[in-house]
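To start, the structure under review is shown below, and the notes come after it.
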Amino acid sequence: MLATSHRLRKHHDFTVVYRKGSHQSTKFLVLRAYRAGIATEPSPIRIGFSISQKVSKRAVVRNRIKRQLRAVCRQLLPELQPGWDVVIVVRAAAVRCDYFQFLQQLRQLFADAEILNGY
């Protein structure tokens, strides 16, 4: 589970990311990112997940995907720049992915969005 300070939870926050943020995509995932504000002390990166019933009608499958994505994000968290709000949208093809494919896909998406440190 991600720490509370790293979770994007409110509908308003998701809406801001969708409206004002940029997006990157792969075959399995779409990453939408919005720079939440540049202050002297930037807020920690906040991550939210969006997975619809189009991906799978079964909640068990959707929840498994979300758990895997949270674990990947928790692993990548030290490498991510603070001050961003990110929404990860899951596409239907992601049902066939495993943990390591999600890790590779998210690392690439974060690098493309210039959120990953060192890229």
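The values are calculated or read from the model by the stated rules, or taken from the named source; none is laboratory data. This structure is a prediction, so every number in the text was calculated from the model and none was measured. Quick reminder, even Gly has a Cβ in these numbers, built from the backbone with ideal geometry, and neighbours come from all protein chains shown.
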**Study point:** Single unsatisfied condition, residue 58 versus (1) within 21 Å of residue 5 (Cα to Cα); (2) out of contact with any strand residue (DSSP E or B) (no Cβ under 6 Å at 6 or more places or on another chain)
**Key:** (1)
Practice item. May I ask you to list the residues in region 34-84 that are among the β-branched types (Val, Ile, Thr), without any contact (Cβ under 8 Å) to a residue 60 or more places away in the chain, under 25 Å from residue 15 (Cβ atoms) and surrounded by 13 or more Cβ atoms within 10 Å (Cβ to Cβ)? Key: 47, 51, 55, 65, 72
Check your understanding: Which of the residues that make up region 8-39 are charged (D, E, K, R) and more than 13 Å from residue 50 (Cβ to Cβ)?
Key -> 10, 19, 20, 27, 35
Revision key, fill the gap. Reported set for region 15-52 where residues are modelled with pLDDT of 95 or more and in contact with a Gly (Cβ under 6 Å, 6 or more places away or on another chain) is 32, 33, 34
Exercise for review: Please find, among 66, 27, the residue that is basic (Lys, Arg) and over 14 Å from the mean Cα position of the chain (by Cα).
Suggested key: 27
Exercise for review: Please give the strands (runs of 3 or more DSSP E) falling wholly within region 1-72 in which 1 or more residues are touching an Asp or Glu at 6+ places or on another chain (Cβ under 9 Å) and within 13 Å of residue 83 (Cα to Cα).
Suggested key: 29-35, 46-50
Review point. Looking only at residues in region 73-112 that are acidic (Asp, Glu) and not in a helix (DSSP H, G or I), which one is farthest from residue 28 (Cα to Cα)?
Key: 85
Exercise for review: Could you please find all residues in region 1-48 being touching a Pro at 6+ places or on another chain (Cβ under 9 Å) and hydroxyl-bearing (Ser, Thr, Tyr)?
Suggested key: 5, 43
Check your understanding: Right, residue 91: among the charged types (D, E, K, R), surrounded by 17 or more Cβ atoms within 10 Å (Cβ to Cβ) and more than 12 Å from the chain's Cα centre (by Cα) or not?
Key -> yes
